[in-house]
1. When the solvent-accessible surface of protein heavy atoms is calculated with a 1.4 angstrom probe, in what order do A:PHE115, B:PHE351 fall, highest first?
2. Assigning unit charges at the beta carbon (Lys, Arg +1; Asp, Glu -1) and nothing else, what dipole magnitude in debye, to the nearest 20, does the protein assembly as shown show about its Cα centre?
3. What fraction of the DSSP beta bridges in segment B:3-226 is antiparallel, stated in percent and rounded to the nearest 5?
4. Let me spell out the model: positive unit charges on the Cβ of Lys and Arg, negative unit charges on the Cβ of Asp and Glu, origin at the Cα centre of segment B:3-226. What dipole size does that give, in debye rounded to 20?
5. With a 1.4 Å probe and every protein chain kept in, tell me what percent of the accessible surface of segment B:86-227 is carbon plus sulfur.
6. Just read off the accessible area of B:THR54 with the full protein assembly in place, 1.4 Å probe, to the nearest 10 Å².
7. With a point put 7 Å past each Cα toward its Cβ, work out how far A:SER121 is from B:ASN6 in nm, to one decimal.
8. For A:PHE76 and A:ALA149 in the same chain, what is the full-extension length gain: residue separation times 0.36 nm, less their Cα-Cα distance, in nm?
Amino acid sequence: MRKKKEKGLYLSDRPPLTPLKAVLLTISYILLFIYVFVILWPLAQIVFSSFNGSQDQYIRIGGTYEFSLKHFKYLFEETYFLNWVVNTIVIAVATALLTLLFVSFTGYAYSRYRFKGRKASLMAIMLIQTIPSFVGIVAYYTMHSIIAAVIPGFSRQMFLVLIYAGGGIASNTFILKGYIDSISTELDDAARIDGCGNLQVYRLIIMPIVRPMLAIIALWSFIGPFLDYMLPSILLSDPKQYTLATGLYTLITDVRNMHQPVFAAGGLLTALPIIILFIALQNQLVSGLASGAVKG
Amino acid sequence: MKIELNNIGKKYEGRENFTIRNIDLEIDDKDFCVILGPSGCGKSTLLRMIAGLTSITEGDLYFGGKRMNSVEPKDRDIAMVFQSYALYPHMTVYENMAFSLKMRKERKSVIHERVLEAAELLKITDYLYSKPSEISGGQRQRVALGRAIVRKAGVFLMDEPLSNLDAKLREHMRVELVRLHQSLDTTSIYVTHDQTEAMTMATKIVLLDQGKVQQVGPPTLFYEKPANLFVAGFIGSPTMNIFNGEIKEGNFHSLEEDFVIEPKESDRELLKPFEGKKVAMGIRSERFIAGEAEKNAINVKVDVIEMLGKEQLLYCQFPNGKECVISEPGYFEYAVDEDHNFHLDLDGLHFFDAETTERIN
Ligand SMILES: Nc1ncnc2c1ncn2[C@@H]1O[C@H](COP(=O)(O)OP(=O)(O)OP(=O)(O)O)[C@@H](O)[C@H]1O
Ligand SMILES: [Mg+2]
């Protein structure tokens with residue numbers, strides 16, 4: 001009854017559409033659909049191919065379709081896929097944790113403390129960011145051999161973690177500092193009076209407020225090792241030590257060992273850990289927690 | 001707890017001059033001390049030094065005889081309400097209030113009891129489990145108070161806690177705060193730039209300007225005997241009328257407005273050293289008496305009338321254009337552009353040395 005009454009009413013907050021606007025709107029929708037198609041179609045091909053038993057070496061578009069899990073089977077039985085997964089996850093988790101830990105300290109310190117060389121070092125960090133990481137390859141080798149000489153168990157993978165985390169710490173320090181800057185320092189003062197020391201101020205007050213940002217930083221640093229092909233391919237020599245990106249790449253580099261559908265299957269599985277983490281962090285990513293701290 | 005400030009000064013890093021300096025102050029136990037001053041005069045700086053949030057550049061701070069300069073804020077036995085409330089946004093109202101007790105590792109039952117007690121006192125029991133973002137500004141202000149109350153600290157510091165409330169609520173909270181202060185039995189230090197708040201709440205006012213203490217004392221002293229021209233102009237609404245003049249043969253001769261005042265005998269004595277010198281005379285709006293008189297009289301034109309009901313404020317002009325404010329009972333009849341005669345109540349005159357701006361009588 002009530003519904004019917006409202007039918008004739010114009011409830012939108014926007015002004016009614018004119019014919020010209022309607023045309024423009026249609027065009028934008030068409031453009032958006034094209035955009036979506038461009039993105040989704042290759043993805044769809046990957047999904048189809050990885051389950052298509054009638055394809056062998058190459059992914060072909062069209063042709064017969066026959067549902068099968070043989071590519072996955074190949075992946076698990078004929079390659080070091082499980083090793084790669086474990087390697088990548090270990091590296092990714094270590095990178096994320098290391099980045100989070102350090103960025104917490106550096107971001108908080110740069111935001112809250114005035115010390116000598118604060119501006120200069122911040123500038124330096126920013127400038128160093130502009131140098132691409134592969135420039136340092138020679139340095140990486142030398143550094144690794146030096147460190148490995150001192151600490152025998154220091155593997156190439158650990159070194160990879162350090163490189164990823166190092167880059168992440170630098171850029172994320174900026175982001176986190178900016179975020180913490182926007183939190184009123186009176187909160188710190190209040191906490192100090194309430195009995196917190198410096199670290200407690202961060203752990204009990206600042207960290208919960210910047211949690212959405214920390215979640216994003218964690219997600220990014222976690223994803224990094226999944227996407228990077230170059231550094232592991234240079235630094236790691238044993239196929240068992242490969243990460244997913246380098247490992248899967250071996251399936252499509254060589255004509256004799258060409259397994260494009262297997263590569264697709266591997267790619268599909270690669271997405272899983274990232275998706276799982278994303279879902280796990282979803283609640284943390286909801287921002288807006290900082291509101292209501294001060295007057296308004 | 002008795003608080004003593006001994007020649008306290010603060011210089012911020014990277015600033016040329018001291019923000020405040022040479023502050024000597026004694027705040028007695030159970031005083032409600034209001035630090036008053038225009039914006040930017042260093043009130044918050046002083047309060048934060050007392051709280052230990054800002055370092056003390058020079059001088060000594062004593063709480064009950066103990067030197068506090070390098071004691072951590074948490075060990076000073078203070079509670080503070082901030083200008084922006086500074087509630088922890090990720091905690092509920094209850095957690096906000098319980099936080100300081102939790103940090104001190106109080107027993108859960110004690111915490112619960114104290115929080116509920118404070119919540120009842122402040123009438124915030126209904127939203128104990130809401131987040132600060134879900135309650136109104138006035139409620140947040142109460143929570144901020146509550147967070148300070150639960151600590152049962154010896155010193156209660158407040159930095160303009162009412163500045164963000166609407167007029168009605170502010171009036172109400174003024175009374176509440178005084179009541180709270182009395183029931184808590186603590187020493188309170190309250191920062192504000194609003195002279196009404198200072199006059200109504202304080203047992204002791206400290207008026208700061210340009211980093212110096214201009215006057216210290218109970219509110220009535222500020223109104224009746226302002227120590228210098230700044231205090232005279234800052235305290236009281238409407239602002240005190242100030243006339244520049246000269247002392248000739250013991251009488252005050254206005255320089256521009258062309259009237260002569262014969263001060264009362266006791267003032268005459270004090271004005272003797274100023275014979276021939278420049279002096280400023282102040283008079284509050286209610287010290288003008290309507291009607292003609294032989295001596296101490298002025299004639300002005302009414303320019304604007306502000307009717308407040310019980311009284312009316314007449315903004316008048318001297319022939320030379322100088323303005324003065326006169327208040328008269330609301331039932332007197334005045335009209336704009338009329339000329340009127342008034343004479344001055346000799347008991348309500350304030351004389352200031354024009355050079356040093358210090359009070360003479
Ligand atoms: N952290 C700081 N570093 C440098 N200068 C500061 C700092 N905090 C305050 N000041 C300066 O000290 C002076 C006094 O500031 P303060 O905050 O004490 O003023 P206030 O009296 O509380 O003003 P308001 O009524 O506007 O709050 C100002 O000129 C300000 O610029
Ligand atoms: Mg202030």
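1. Values: A:PHE115 85, B:PHE351 0 Å².
Accessible-area ranking of A:PHE115, B:PHE351, largest first: A:PHE115, B:PHE351.
2. 4020
3. On the way: 17 of 35 bridges.
Within segment B:3-226, antiparallel bridges account for around 50 percent of the total.
4. On the way: 31 positive and 30 negative charges, 115 e Å.
With Lys and Arg at +1 and Asp and Glu at -1, about 560 debye.
5. Values: 3040 of 6100 Å².
The nonpolar share, carbon plus sulfur, comes to 50 percent.
6. Per-residue accessible area (B:THR54): approximately 20 Å².
7. 3.8
8. Working: separation 73, 0.36 × 73 = 26.28 nm, distance 3.54 nm.
Roughly 22.7 nm would be gained on extension.
The values are calculated or read from the model by the stated rules, or taken from the named source; none is laboratory data. Because the structure is predicted, anything quoted here is derived from the model rather than measured. Quick reminder, even Gly has a Cβ in these numbers, built from the backbone with ideal geometry, and neighbours come from all protein chains shown. Surface areas here come from the heavy atoms of the whole protein model, side chains and all, with no ligands, DNA or RNA. Shrake-Rupley method; radii C 1.70, N 1.55, O 1.52, S 1.80 Å.
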